[in-house]
Structures are given as structure tokens and as C-alpha cells.
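Participant: My questions all concern the structure below.
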Amino acid sequence: MKKLFIVANWKMNGSKKSNEQLINYINEKIYENPNIEVIICPPFTYLTQITKLKTKSIKMGAQNISESQNGAFTGEISGSILQDMSVDYVIIGHSERRQMYNDTNAVIAQKFESAHQNNLIPILCVGESLNERKTGKTLSVVESQIKSVIESTRIELFTKSIIAYEPVWAIGTGETASPEQAEEVHSNIRSIIEEYDSNIATSIPILYGGSVNGANCKDLFKMNNINGGLIGGASLNEEEFVEIYQKAERLINE
Ligand code: PGA
């Protein structure tokens with residue numbers, strides 16, 4: 001039986017009031033399940049609030065990490081600070097950061113290393129733009145994004161890491177990759193990793209992200225090489241997010 005990961009990426013959204021409502025609702029509907037990991041990634045400033053509100057069945061994630069250790073880096077948050085805040089996971093290399101904040105492959109590799117140095121599990125995001133897909137570059141773009149991290153760090157670090165395939169054209173657009181399109185890239189990601197380590201290639205969780213919702217999640221999560229979803233917009237809607245969780249739960253029990 002495969003394990004499914006349901007990751008909420010709240011991005012730059014929320015308020016103390018709406019967070020409390022959302023987490024209370026999720027707490028009521030989500031149970032501890034060894035085969036489903038629910039991870040909430042709020043903005044940094046709400047980490048403490050969510051840590052206090054959430055039940056044990058929910059894990060915490062951050063949306064970013066500094067590539068540097070503690071020190072004179074105004075406005076940045078280090079891995080050791082995240083660890084101190086009881087964070088378990090961290091999203092790295094999200095396309096919004098790659099595009100808007102100059103997170104290059106080199107910076108992403110440093111962030112990936114920094115997460116591991118602080119016992120955080122990185123969720124490494126990769127994915128092609130619309131133009132890259134149209135010009136047949138999807139697999140080569142994803143390959144270079146993954147290999148640049150492996151080659152600047154160590155393949156062993158991927159034993160305790162997650163990859164999220166997020167086609168840029170599907171993020172926040174309402175347009176999802178078809179289960180077959182996603183599966184093709186996911187199985188290709190396993191082949192890329194297989195060049196380095198076949199055990200890691202089979203065991204690493206690979207999540208799909210990009211307009212996942214209650215209606216399309218089941219067909220995506222059913223695919224052999226899809227181990228759950230990284231969910232943006234739909235994770236801000238309590239009923240929709242719980243629907244995704246419940247569909248995952250049903251799939252696990254089938
Ligand atoms: P979306 O975002 O679900 O709103 O498309 C996904 C993500 O950016 O992680």
C-alpha cells in the first residue's frame with residue numbers, strides 16, 4: 001500500500017481568525033493514519049499559532065528556508081529557526097520563488113542542504129513552464145532541476161526528501177495536468193534518480209501540484225507514481241481540503 005501526502009501550501013494568505021477556523025475544521029475531520037501524512041505550510045508568522053491549534057495528526061511545514069546559517073541576513077529565516085519552531089517539512093524551489101525571488105538551481109541546492117542540516121524534510125518542487133512544455137522540453141527541464149540538486153549535494157539526502165512535480169502552467173490556473181501527463185513525468189523522475197540509487201528511486205514520495213481539487217485528486221492519486229498532492233488554492237477552503245483528504249483516505253482503504 002502506498003503512503004499519500006496531502007500538503008497545504010497556504011502561500012501568502014490567512015489571518016489569525018481564518019486560520020483558527022480552518023484548522024479547527026481540519027482537526028475535526030482528520031484522523032491519525034500511518035498511510036496519510038497531512039502537512040500544513042502557513043506563512044512563517046503563523047507557525048506558532050498553527051502549532052498550538054493543530055492536533056497530532058497534522059504536521060507543520062514552512063514555505064521557504066534561507067540558504068544561509070544564522071547571522072546577518074535581514075528578513076530571512078534559517079533552518080535552525082524552523083527546527084526550533086517545531087517545523088517538520090519545508091517547501092523548496094517553488095516556481096513562484098524560482099520566478100520572482102531568483103531562487104536559482106544553485107540556491108535551491110543550498111536550501112536543500114540547509115534543510116537536511118536542520119532535520120527538516122525538504123519538499124523539492126520542479127516543473128516546466130507552458131512554453132517549455134509546448135516545445136517538448138518538459139522532461140529535460142525537470143531532469144536538470146533534479147540533477148543540479150543531486151550533484152551539488154548527495155544522493156543519500158534524497159532518502160529523506162520529497163519531490164513535488166508542479167507544472168508552472170497548472171499552478172493557480174484551474175488547468176490540471178492530466179493523470180497520464182503527470183504520471184509520465186513522475187515515472188521519469190524515478191528513472192532520473194535510478195541513475196544514482198535504485199532504492200531511493202522506488203521509495204521517494206513524488207507529489208503532484210497544480211490546481212489539485214476535490215474533483216480531480218482521486219484520478220491523480222490513483223496513478224502508480226503519484227504519492228499525493230501539493231495543494232495551493234484548494235487548501236484555503238476547509239471543505240475542499242477535507243474532501244481531498246477523504247478521497248485519499250478512501251483510496252488507501254480500497
Ligand atoms: P494551486 O497551487 O493548487 O493553487 O495550483 C499549487 C502550488 O503552487 O503549490
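The values are calculated or read from the model by the stated rules, or taken from the named source; none is laboratory data. Computed from a prediction, not measured in an experiment: that's the story for all the values here. Positions of Cβ are backbone-derived with ideal geometry, glycine not excepted, and every protein chain shown enters the neighbour counts. To get the accessible areas, we keep the full protein, side chains included, count just its heavy atoms, and leave off ligands, DNA and RNA. Shrake-Rupley method; radii C 1.70, N 1.55, O 1.52, S 1.80 Å.
Participant: Once the Cα gyration tensor of the chain is found, what semi-axes does its equivalent ellipsoid get, as square roots of 5 times the eigenvalues, in whole Å, sorted largest first?
Facilitator: Result for the chain: semi-axes of 25, 23, 17 Å.
Participant: Which of ALA215, ASN33, ASN199 sits closest to the plus end of the dipole of the chain, meaning its Cα is farthest towards the positive end, when Lys and Arg get +1 and Asp and Glu get -1 on the C-beta?
Facilitator: After comparing all options, I get ASN33.
Participant: Moving to a separate point now. ILE91's amide H: which non-local residues (gap 5+, or another chain) put their own amide H closer than 5 Å, with H modeled 1.01 Å from N in plane and none for Pro or chain starts?
Facilitator: Long-range HN contacts for ILE91: ALA62, GLN63, ASN64, ILE123.
Participant: Follow-up. When the Karplus curve 6.51 cos²θ - 1.76 cosθ + 1.60 is applied with θ = phi - 60°, which whole-Hz ³J(HN,Hα) does each residue of segment 6-23 get, with x for Gly and Pro?
Facilitator: The phi angles translate into 10, 10, 9, 9, 6, 6, 9, 9, x, 8, 3, 5, 5, 4, 5, 4, 5, 5 Hz.
Participant: Can you give the accessible area per residue of the chain, in Å², using a 1.4 Å probe?
Facilitator: Accessible surface, normalised per residue, equals 45 Å².
Participant: Ok, one more. By the scheme Lys and Arg +1, Asp and Glu -1, what is the net charge of all other residues having a beta-carbon under 15 Å from that of GLN63?
Facilitator: Result for the local shell: -1.
Participant: Helix-only mean residue ellipticity at 222 nm, the chain, DSSP H runs n ≥ 4 weighted -39,500 (n - 2.57), per residue, nearest 500. What is it? Each step should come with its number before you reach the end.
Facilitator: Values: 11 runs with 109 residues, N = 254.
Result for the chain, helices only: -12500 deg cm²/dmol.
Participant: For segment 1-148, what relative contact order do you get, as a whole percent, if you take Cα pairs closer than 8 Å and at least 6 residues apart? Don't jump to the answer; show the numbers that get you there.
Facilitator: Working: 218 pairs, mean separation 27.1, N = 148.
Computed value for segment 1-148: 18 percent relative contact order.
Participant: In segment 35-78, whose amide N lies under 12 Å from the spot 7 Å out along Cα-to-Cβ of TYR101? List them in ranges.
Facilitator: Those under the cut-off are 43-45, 62-68, 75-78.
Participant: So, one more: Run the dipole for segment 10-130 about the Cα centre, Lys and Arg Cβ at +1, Asp and Glu Cβ at -1, nothing else charged, and hand back the magnitude in debye, nearest 20.
Facilitator: My answer is approximately 380 debye.
Participant: Still on this structure, please answer the following. GLY228's amide H: which non-local residues (gap 5+, or another chain) put their own amide H closer than 5 Å, with H modeled 1.01 Å from N in plane and none for Pro or chain starts?
Facilitator: Result for GLY228 returns PHE5, TYR208.
Participant: At a 1.4 Å probe, what is the % contribution of carbon and sulfur to the accessible area of the chain?
Facilitator: Result for the chain: 47 percent of the exposed heavy-atom area is carbon or sulfur.
Participant: Report ³J(HN,Hα) in whole Hz for each residue of segment 181-189, in order, from the Karplus equation J = 6.51 cos²θ - 1.76 cosθ + 1.60 where θ = phi - 60°; Gly and Pro get x.
Facilitator: Along segment 181-189, the couplings run 4, 5, 4, 4, 6, 4, 5, 5, 4 Hz.
Participant: List the lysines whose Cα lies under 27 Å from the Cα of LYS16, skipping any in the same chain that are fewer than 8 positions away.
Facilitator: Answer for LYS16, where 27 Å is the Cα cut-off: LYS29, LYS52, LYS54, LYS56, LYS59, listed by chain and number.
Participant: Suppose R0 equals 25 Å. What FRET efficiency, 1/(1 + (r/R0)^6) with r the Cβ-Cβ distance, do GLU76 and GLN117 give to the nearest 0.05?
Facilitator: After rounding, the FRET efficiency stands at 0.95.
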